[in-house]
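The values are calculated or read from the model by the stated rules, or taken from the named source; none is laboratory data. Please read all numbers here as calculations on a predicted model, not as lab measurements. No Cβ is skipped: glycine too gets one built from the backbone with ideal geometry, and neighbour counts run over all protein chains shown. Note: accessible area is taken over every heavy atom of the protein model, side chains too, but ligands, DNA and RNA are not part of it. Shrake-Rupley method; radii C 1.70, N 1.55, O 1.52, S 1.80 Å.
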There are 2 protein chains.
Amino acid sequence: MKACGLIVEYNPFHNGHVYHVRQSRDASNADCLIAVMSGSFLQRGEPAIIDKFHRTKAALLEGVDIVLELPYLYAVQSSDLFAEGAVRTLHESGVSSICFGSESGNTQHFMEGYDVFKQNEPFYRELLQDYLKQGIAFPEASRLAYQKIGLTTEEMDLSQPNNILGFSYVQTIMDAHLPITPLAIKRKKSNYHDEEITGPIASATSIRSKLLAEHDISGDVAATMPDATIRQLHEYKRQAGCWHAWEGYFHFIHYRVMTMTTEELAAIHGVDEGLEYRIKKTAQGVTSFYEWMQRIKTKRYTWTRLQRMFSHILTNTTKTDMYQLKNKTTVPYVRLLGMTRNGQTYLNAQKKEMNVPLVSKLSHHMNPLLCIEEKASNAYYSMLPADKREKLRKQELQPPIMIN
Amino acid sequence: MKACGLIVEYNPFHNGHVYHVRQSRDASNADCLIAVMSGSFLQRGEPAIIDKFHRTKAALLEGVDIVLELPYLYAVQSSDLFAEGAVRTLHESGVSSICFGSESGNTQHFMEGYDVFKQNEPFYRELLQDYLKQGIAFPEASRLAYQKIGLTTEEMDLSQPNNILGFSYVQTIMDAHLPITPLAIKRKKSNYHDEEITGPIASATSIRSKLLAEHDISGDVAATMPDATIRQLHEYKRQAGCWHAWEGYFHFIHYRVMTMTTEELAAIHGVDEGLEYRIKKTAQGVTSFYEWMQRIKTKRYTWTRLQRMFSHILTNTTKTDMYQLKNKTTVPYVRLLGMTRNGQTYLNAQKKEMNVPLVSKLSHHMNPLLCIEEKASNAYYSMLPADKREKLRKQELQPPIMIN
């Protein structure tokens, strides 16, 4: 059986994802589609709107065969580590291709872009460091450096967030000479950061903000998602009593920061360059997460970077935890969240070929990295009432989700 | 001016306290009564029902001239450290006597008891260690050891909690040869741990449980407290929206434990002898603080000891923090919470004689121990809504309370 990999967050699984899944199946000609998905917290440093189990169900019902969890230490990171974890997870599960969304949908442009980058990599790194030293935030510094080496042209435009992620996947595959074919899929129109819903294809950002603002699924939001997602959103809310957003965690992070010393704060991953003092100072008198973010925000730090930092504070992810990724040539395990019958057939055959364990429930005895997953999951559910929290947390100890 | 010291928790200030204040003034013949009081968290390992500022006001209105705060590291401890911090704080503020409640009200019995103890101290310590090794909880082990050396007689009964505290004060004074006269005051009937209110003199425990159960001040509870306390209880509730009890902190401690490693838990003061594993294990599926306590409780650990441990987890008080008390011959500062005009006159004269700084607001630059006070205060207010929390927390930065 031939498998193709997808790298996603499914937060929530929407029409754009349905389209991407179908296109990927066609383009890869694979028998099995494997999605590696962020778990409780996302790359942008946000709690997922509903938990990974409910997002997994929606994905399986809409054409994905296997859903794997991207470990927290890779998921809540900038694009290079995110790509590293995702591509390696898919590689360990034996995919022969990886499909990714891009503006142009032209794989050749990515391959050529990679060659250009490789030829100019030392110059790019030098430029990047210069811009960062000037106090320019990473995304803008990186964009300027790409521009200088000719990678912001119409054909290969690395100022587009979607292209950056795709390019990171290509880079990871090529740098490690992995036997995986990258396949660029042209995205359906809807800009990554669009804030308005204007039709059945909308950005996850716009869908989420509408859902969280209305605490319900109104007509125009419903039109942007398949029924499976709508059902899972309703089902999760029935069980948890709410959807997840940063404000729900404000009291916990604030309590945490207010009982930490600056030294303890500085030991948290992402709290760098004296940010511990800024966090402490801005914590005084702050009454919401949004207000806190606005107080901390400077030109140097992007919103995303600060949100990631708050995720690490909330989950108590330390710089020491990060050492676990040091000198690792691949991911330490593959965590299976769910599968269809077809996915199961594939995995049964593939299992023997795998070089790392296939983990189907959270058990911290199996791998030290799973302790970090446990903390992340515990932190994610912490905002729920005790009875609901415990019931949902127990999903971590159940066998993977099976969809016929 | 002659000052007399009292050692109390005033949680809340009730008729028994009014009586004790009057008796102390008579017995000591002092011009100024100085109370050293636990702050946000109490010796029994509980959050105070209303904050220290409101408890200070009630005490000042009912005959105390000066209220000093017993630092958290001394307050939430067994009787020896509690007594050490309290007696030293009073000594630094220049008292010539210390009054304490006892069952008999006979100071001579305490002095004689001290002599007996000193003569038998090595034997007592040996016995105590033996009993502890047998898995007997400290209070019972200590009672048995006192019994063997003849200190549970009718005259000097160290199986009574009130006598134990009084005896600790006498011990601290005598061991250090401090120029302070201990004065035992006979307590008005009401046993320390009484759970029922049966008249105008009731135990703090019974008053608190009734207040917390009814969320209001009913007639029979009102009869146990002076008007000043009733007003402060109402006033605090108006400002904070509630009174404080452990259940209000359950989500925070649970979140905290669920995102800590066992190693991190073991670094917390009071988490000893492998309790970190027991805390982690019992955290699974627990839905209230009371349930958690019941799950952890064994014969070896008293309820009080476990509550203290939870205070330290909540406030993030580590074993390293405790080193700050090592090799200290006295308290590092005296924190003034409030005073009457009379108290102010006394302090103005006394200030020059003091060997440690008199701190009137919480500023962590002044002393490293104040960082711990800040954490404790932040943890205490954490359970309140953001706007109320911030308003009340700011009291820490105000000058001391003044009552004419």
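Straight-line reach from A:Lys361: which aspartates and glutamates fall under 12 Å, measuring Cα to Cα and dropping same-chain residues less than 8 apart? Filter leaves A:Glu69, A:Glu373, A:Glu374, A:Glu396.
Each stretch of four or more DSSP H residues adds -39500 (n - 2.57); spread over every residue of chain B, this sum gives -15000 deg cm²/dmol at 222 nm.
Between B:Thr153 and A:Met1, the modelled labels are 8.6 nm apart [label points 7 Å from Cα along Cα→Cβ].
Segment B:164-179 and segment A:244-273 have Cα centres lying 43 Å from one another. With a probe of 1.4 Å, find how much accessible area segment B:262-323 has per residue, and write the answer as a whole number in Å². With the other protein chains kept in place, segment B:262-323 gives 43 Å² per residue.
Scaled against the 2.2 N^0.38 Å expected of a compact globular protein of N residues, the Cα radius of gyration of segment B:262-323 reads 1.05.
Taking each residue as 0.36 nm, the span from A:Thr298 to A:Ala176 lengthens on full extension beyond its C-alpha to C-alpha distance by 40.3 nm. Here segment B:27-111 exposes an accessible surface that is 40 percent carbon and sulfur, computed with a 1.4 Å probe and the other protein chains kept in place. DSSP finds beta bridges in chain B, and of those with both partners inside it, around 20 percent are antiparallel.
Per residue of peptide B:374-382, the mean number of Cβ atoms on other chains within 10 Å of the residue Cβ is 3. Distance cut-off 31 Å, Cα to Cα: go down the list A:Lys319/B:Lys237; A:Lys237/A:Lys375; A:Lys326/A:Lys388; B:Lys299/B:Lys394; B:Lys237/B:Lys281; B:Lys148/B:Lys375 and report the pairs above it. Where the Cα-Cα span goes over 31 Å, the pairs concerned are A:Lys319/B:Lys237; A:Lys326/A:Lys388; B:Lys299/B:Lys394; B:Lys237/B:Lys281; B:Lys148/B:Lys375. Listed peptides B:233-241, A:31-39 appear in the order A:31-39, B:233-241 once ranked by packing, highest mean of other Cβ atoms within 10 Å at the front.
Ordering of A:286-294, B:12-20 by packing is B:12-20, A:286-294, highest average first (other Cβ atoms within 10 Å, averaged per residue). Peptide A:11-23 is shielded by partner chain Cβ atoms: per residue, an average of 0 of them sit within 10 Å of its Cβ. To the nearest 0.05, how large is the calculated FRET efficiency for B:Arg125 and A:Asn355 if R₀ is 45 Å and r is the Cβ-Cβ distance? After rounding, the FRET efficiency stands at 0.15. Using only the C-alpha atoms, the convex hull of chain B corresponds to 137 Å³ per residue. Ranked from shortest, the separations from the 7 Å Cα-to-Cβ label point of A:Ser360 to its equivalents in the other copies are 7.0 nm. Fully extending the segment from A:Glu247 to A:Tyr323 would add 24.4 nm, taking 0.36 nm per residue of separation and subtracting the current Cα-Cα distance.
Of the residues B:Asp321, A:Asp272, the one with the largest accessible area comes first in the ranking A:Asp272, B:Asp321, computed with a 1.4 Å probe on protein heavy atoms. Segment A:93-129 to segment B:348-404: how many Å between their Cα centroids? Centre-to-centre distance over Cα atoms comes out at 57 Å.
Each of A:Phe123, A:Phe41 has its accessible area taken with a 1.4 Å probe; listed largest first, they run A:Phe123, A:Phe41.
Here is how far apart the A:Met322 label points are across copies: 3.2 nm, shortest first, using a point 7 Å from Cα toward Cβ. Counting Cβ atoms of other protein chains within 10 Å of each residue's Cβ and taking the mean over peptide B:249-262 gives 6.
For A:Glu121, inter-copy separations between label points set 7 Å beyond Cα along the Cβ vector come to 7.1 nm, shortest first.
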